[in-house]
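Below you'll find the structure, written out as structure tokens, and then a few comments.
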Amino acid sequence: MSLYRDVGVVLRTHKLGEADRIITLLTREHGQVRAVAKGVRKTTSRLGGRVEPFMHVDVQFAVGRTLDIVTQVETITPFAQHLGADYGAYTAGTAMLETAERLVDDGGEPAVQQYQLLVGALRALTEGRHNPGMILDSYQLRALAIAGYAPSFGLCARCGAPGPHRNFHAPSGGILCDTCRMPGSAAPSPSAVTLLAALLSGDWETVDVSDDRARRESTGIVNAYLMWHLERSLRSLVHVDR
């Protein structure tokens, strides 16, 4: 039996048969992995609580014909235990897991940056460092950037003219100058554009002093940009507590 080991975050689970589950994980060295965890729905299973969504784990897999099989699990960080008591953090975290699942493929390639970003974002949620909605928006922008879809919030996304600019167009890749403005462009306020740039760069001093209006605008822009690249909205976003 061929075995391999990796670290990852459980993104989703669903039932298989009477006692098993199919576990979807974002792993460091193998990207998105779907594997069978046998018997975890039995009350006697020692693995059940370790393969729930949000759990940060060290996993051993056995290579299977169609799906690999989980053979060992060790908990690294029990994010699930910390997020369950905070509705805002929990719903933001759920959207992060869905974002990761949509952005990272299952081709077996390493996803080191996406893995590290997700673990860092979940840790920030559990520690309550910042507003959960802002942590989510920052995570999604940075995850998109790692995936090759980095938006521009300073230079014009079409001609490169230095900003500030006020025309946002998701299909064009970000903010546009007045000359390059496309039909259907949004017109976020200057404070929202500043906030978006801070969310992308991780400038939390700027993020933490932003006002509610700028946050609402920036969230709308992030959602539109994410939906454009994923080609549909995330199901979990409707539950996020803003």
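The values are calculated or read from the model by the stated rules, or taken from the named source; none is laboratory data. Just so it is clear, the model here is predicted, and its values are computed rather than measured. We place every Cβ from the backbone using ideal geometry, glycine too, and count neighbours over all the protein chains shown. Remember, those area values only see protein heavy atoms, side chains included, never the ligands or the DNA or RNA. Shrake-Rupley method; radii C 1.70, N 1.55, O 1.52, S 1.80 Å.
Quick look at the numbers
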| read-out | value |
| --- | --- |
| Among 201, 7, 152 - extreme Cα towards positive end, dipole of the chain, charges at beta-carbon | 7 |
| Stokes-Einstein translational diffusion, the stretch 91-140 - Kirkwood Rh over all Cα pairs, 0.692 mPa s, 37 °C, in µm²/s | 293 |
| Sequence-separation-based contact order of the stretch 61-150, relative, with Cα cut under 8 Å and 6+ spacing, percent | 29 |
| Amide hydrogen neighbours beyond the local backbone of residue 12, cut-off 5 Å, H modeled | 24 |
| Whole-percent carbon and sulfur share, accessible surface of the stretch 2-147, 1.4 Å | 45 |
| Karplus (6.51, -1.76, 1.60) ³J(HN,Hα), θ = phi - 60°, over the stretch 40-48, in Hz, Gly and Pro reported as x | 6, 8, 6, 5, 8, 5, 8, 9, x |
| Centre separation in Å (Cα based) which lies between the stretch 1-71 and the stretch 120-171 | 31 |
| Angle between the chain longest axis and helix 112-127 axis [Cα atoms, degrees, rounded to 10] | 90 |
| Hydrodynamic radius by Kirkwood, which averages 1/r over all alpha carbon pairs of the chain, in angstrom | 18.9 |
| Cα principal axis extents for the stretch 1-85, largest first, Å | 39, 31, 18 |
| Solvent-accessible area per residue, Å², over the stretch 69-195 with all protein chains present [probe radius 1.4 Å] | 44 |
| Cα pair distances in the stretch 163-241, grouped into 10 Å bins until the bin that holds the longest one, percent each | 18, 48, 31, 3 |
